[in-house]
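The values are calculated or read from the model by the stated rules, or taken from the named source; none is laboratory data. Just so we're clear, the structure is a prediction, and the values are computed from it rather than from any experiment. Cβ coordinates were reconstructed from backbone atoms using ideal geometry, including for glycine residues, and neighbour counts include every protein chain displayed. The protein model used for the area step is the full one, side chains on, heavy atoms only, and it has no ligands, DNA or RNA in it. Shrake-Rupley method; radii C 1.70, N 1.55, O 1.52, S 1.80 Å.
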Amino acid sequence: MTSVMLAAQTSTGEAVTFWVLAPLAVAAAVMILVSRKAVHSALWMALTMMILAVFFLLQGGVFLGVVQVVVYTGAVMMLFLFVLMLVGVDASDSLVETLRGQRVVGLLLGAGLGGLVIAGLSRVTFAESVGIGAAEEAAGGHVEAIGKSLFTQYVFPFEVVSAVLITAALGAMVLTHRERIIARKSQRELAAERFRDGVQQTPLPASGVFARHNAVDTPALLPDGTTAPSSVPEQMRRSGTVRPPGAYELSEDDSDGGDR
Amino acid sequence: MNYVYVATLLFTIGAVGVLLRRNAVVVFMCIELMLNAANLAFVTFARINGNIDGMVVAFFVMVVAAAEVVVGLAIIVTIFRTRRSASVDDPNLLRL
C-alpha cells in the first residue's frame, strides 16, 4: 500500500508541499488579524482552512480533509459571510483604542503564549512517525477505521454531539426568532388608515373651464358651478392672479364657440 | 513534526486575534482558527502515534465548532438587531 507508506514517513513531495503551504497558511492567518474589513478576514480564513484541509490530506486523514472542505469552507464560512452581509459589509473596525494599551498587551500575551508553547515543543523529541496505515489495514480501510472507532468506542460522545447539534439548531432558531408585538395590519386597515386623514388620493383636477380655456390660471368648475380651488397652483391662488371663470361663459349669441 | 509548530503558530495568531479585534464576527473567525489549529495538532499526533482516535476527536471538534458557530452567529445577529452594531465594545448594559 503506497498510500500507507506515504502517510507514515515524510516524503519529498510532502515536504515540498508543506514548506510551500505552511508559510502561506501562517501569512493568511496574519491577514485575518490585520484586515480591517471583516469580509477580507473571512476570505483569508477560507484560504487558511483550505490549506489545513491539504495538511489533513497530506497526513493521511483523507476523510477529515474532505470533511474540512465541506464543513468549514463550505458551510461555516458561508454562514460567516451570510452574517457579515446581514450585519453590514462596510462595518470596519475603528482604530480608536477603547482600552489603553490593549494592542500592545495583546501582542505581548500572544508572543508569550506562542513563545512558551514553541519553547516547550522544541524540547520534545517526537517519536518516529508510525502512520495510521496499520490501524486502517486492521479495519479494512480509512473510512472504515474511523467509522468503526466512531460507532463502537466513541458511540456515546457521538450521540451527545448529535444532541448538541440539535440544541444548537433550536437555539439559533429561538435566538433569531422575532416576536411580533402588534399584529400585522390587514389590507382593509391599511386602506382605511390611508383615507382617514382626508388627504386627496386621486390626481388633482385639471385647470380650465368647460374645455374652452385650459390655462393654468383658470380654475376648473365643479358640477354645481363653483370653482375647484385645487385645480390652480397654490402660488397663483395666494398671489391673486387666478381668473374668474365667468369670463369664459358661453353667451346665447356666441355661436362660433371660440375664445378670441 | 513541523505540523505541530504550524498549529502552534495558528493557535497563537487566533488567540491574539480574539484579544485585539473588536468586530464580533472576526473574533469568532479567530476562535475558529484556534479550533482548526487544535485539529491540525490532533491529526498530526494521530499520525505520529499510529492511532485513529486523534482523527475521530478532530471530527468531534469540527462538529462542536459548527454548533458553536451557529449559536454564536445567532447571538451576534440578535445583538446587531437591537444595538445596530457588531462591535464587542458596544454591549455595555452591565456597566454601572
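For this structure, a couple of remarks:
- Per-residue average of Cβ from other chains inside 10 Å of A:142-155: 2
- Rg/Rh for chain B, where both radii come from Cα atoms and Rh is the Kirkwood radius: 1.11
- Percent carbon-and-sulfur accessible area, the stretch A:142-197, ignoring ligands, DNA and RNA, probe 1.4 Å: 64 percent
- 15 Å beta-carbon shell around B:VAL43, net charge (K/R +1, D/E -1): -2
- Sum of -39500 (n - 2.57) over DSSP H runs of 4+, divided by residues of chain B (222 nm, nearest 500): -28000 deg cm²/dmol
- Buried between B and A is an accessible area of approximately 6700 Å², summed over both sides with a 1.4 Å probe.
- Using R0 = 51 Å, the C-beta based FRET efficiency linking A:ARG237 and A:LEU43 works out to 0.25.
- When B:VAL18, B:VAL63 are compared by accessible area at a 1.4 angstrom probe, the order from most to least is B:VAL18, B:VAL63.
- Ordering of A:18-29, A:158-169, B:38-49, A:63-74 by packing [mean C-beta count within 10 Å, highest first]: B:38-49, A:63-74, A:18-29, A:158-169
- Acute angle (nearest 10 degrees) that the helix B:24-49 long axis makes with the longest principal axis of chain B, alpha-carbon atoms: 10 degrees
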